[in-house]
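**Student:** Please read through the structure below; I'll follow up with questions.
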Amino acid sequence: MLVAWGLPEPDQMRGNQLTASALYYGDGLRREVWIMHPPGQLQWGVQVRDDALSLMAGRGFCAEFQGDDEWTVVDGQRRYVADRRIYPWPTGREPLDRRLVEDGRRYVPAMLWMLHDRAELGRLLLAGHGSGEGVWERDGLLASPQGAAEARIVQAVILARTTGDTALESAALAKLRTSASITSGQSDWTFAEWVGHFAAEDQQWCTVDITDLTGLQR
């Protein structure tokens with residue numbers, strides 16, 4: 001399948017009874033394409049993580065990807081096509097599904113290498129306004145950061161201070177300042193208080209000083 005998609009030899013393969021993953025390491029990132037094969041079907045997806053920090057945290061520091069073909073417009077509203085990435089599972093010596101090969105060639109390599117380095121992942125973590133979701137669109141690809149916006153502020157600061165990226169740190173703190181007093185409809189906590197909450201959780205494992213963020217918790 002990787003050959004059919006035009007991918008290079010992976011640095012590592014992982015798998016179990018239902019899922020197989022090809023991993024590529026470089027520029028501080030772990031790029032992963034996974035293939036899941038429930039009975040009679042096949043699905044795939046791509047994630048890119050900060051290799052070191054995601055392992056330390058056990059979560060987060062992650063980007064997920066979609067293609068523009070996974071969305072359609074209905075009554076002027078963009079809607080997700082839920083089954084767009086479901087393909088028939090090849091049996092015997094049957095060739096791979098044509099759509100599976102074409103989609104893989106078109107999207108998978110571009111998704112895997114859309115983000116060039118840790119700094120670009122950090123900027124994606126800050127995508128979106130306030131507590132809303134953020135999406136980057138580029139050349140028919142949609143990249144979105146995983147997790148709540150408040151948690152991603154903390155992750156961006158940790159990444160910036162770990163790598164010495166002062167521009168990323170400034171951008172993260174600027175977003176925190178402009179969004180600090182926002183409250184969600186489900187809680188009376190402010191954006192800043194949620195940042196403090198997530199920072200207190202991350203302080204348990206991170207190796208940089210984030211006490212300026214933990215001090216924001218209620």
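**Student:** Out of the range 24-38, which residues are without any contact (Cβ under 8 Å) to a residue 40 or more places away in the chain and surrounded by fewer than 18 Cβ atoms within 10 Å (Cβ to Cβ)?
**Tutor:** Result: Tyr25, Gly26, Trp34, Met36, Pro38.
Here's the yes/no breakdown for (1) farther than 16 Å from Thr211 by Cα; (2) in contact (Cβ under 8 Å) with a residue 60 or more places away in the chain:
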residue: Glu150; (1), (2): no, no
residue: Gln155; (1), (2): no, yes
residue: Ala167; (1), (2): yes, no
residue: Ala171; (1), (2): yes, no
residue: Gln186; (1), (2): yes, no
residue: Glu193; (1), (2): no, no
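**Student:** List pairs: first in the range 204-218 and of a type outside the set (Lys, Arg), second loosely packed, with under 12 Cβ neighbours inside 10 Å, Cβ under 9 Å, 6+ apart or cross-chain?
**Tutor:** So the pair list comes out as Trp205/Gly58.
**Student:** Same structure again: For the range 138-147, which residues satisfy the criterion of being more than 11 Å from Ala63 (Cβ to Cβ) and crowded, with 17+ Cβ neighbours inside 10 Å? Break it down into steps so the answer makes sense when it comes.
**Tutor:** Taking the range 138-147 first, the residues more than 11 Å from Ala63 (Cβ to Cβ) are 138-140.
Within the range 138-147, none qualify.
**Student:** Ok, one more. State all residues of the range 178-205 that are modelled with pLDDT of 95 or more, in contact with a helix residue (DSSP H, G or I) (Cβ under 6 Å, 6 or more places away or on another chain) and surrounded by fewer than 20 Cβ atoms within 10 Å (Cβ to Cβ); if no residue qualifies, say none.
**Tutor:** Ala200, Gln203, Trp205
**Student:** Exactly one condition in (1) surrounded by 12 or more Cβ atoms within 10 Å (Cβ to Cβ); (2) in contact (Cβ under 8 Å) with a residue 24 or more places away in the chain; (3) in a loop (DSSP other than H, G, I, E, B) is not met by Gly134; state its number.
**Tutor:** Checking Gly134 against (1) surrounded by 12 or more Cβ atoms within 10 Å (Cβ to Cβ); (2) in contact (Cβ under 8 Å) with a residue 24 or more places away in the chain; (3) in a loop (DSSP other than H, G, I, E, B), the one that fails is (2).
**Student:** Pull out all pairs, ordered by first then second residue, where Cβ-Cβ is under 9 Å, the residues are six or more apart or on different chains, the first lies in the range 75-94 and is of a type in the set (Gly, Ala, Ser), and the second is at pLDDT 70 or above.
**Tutor:** Correct list of pairs: Ala82/Glu70.
**Student:** Follow-up question, since we're still on this one. Residue by residue through the range 137-151, note down the ones that are in a loop (DSSP other than H, G, I, E, B) and farther than 19 Å from Gln203 by Cβ.
**Tutor:** Of the residues in the range 137-151, the ones in a loop (DSSP other than H, G, I, E, B) are 139-140, 146-148.
Those that are in a loop (DSSP other than H, G, I, E, B) and farther than 19 Å from Gln203 by Cβ: Asp139, Gly140, Gln146.
**Student:** For the range 1-110, please list each of the strands (runs of 3 or more DSSP E) lying entirely inside it that holds at least 1 residues being assigned by TED's automatic domain parsing to the domain that holds Leu124 and closer than 21 Å to Leu141 by Cα. Show your work before the answer.
**Tutor:** On the way: elements: 12-15, 19-26, 29-36, 41-50, 62-67, 71-74, 77-80, 86-88.
Strands (runs of 3 or more DSSP E) meeting the threshold: 19-26, 29-36, 41-50, 62-67, 71-74, 77-80, 86-88.
The values are calculated or read from the model by the stated rules, or taken from the named source; none is laboratory data. All figures in this text were calculated on a predicted structure; none of them were measured in a lab. Heads up, the Cβs are rebuilt from the backbone with ideal geometry, glycines too, and the neighbour counts pull from every protein chain shown.
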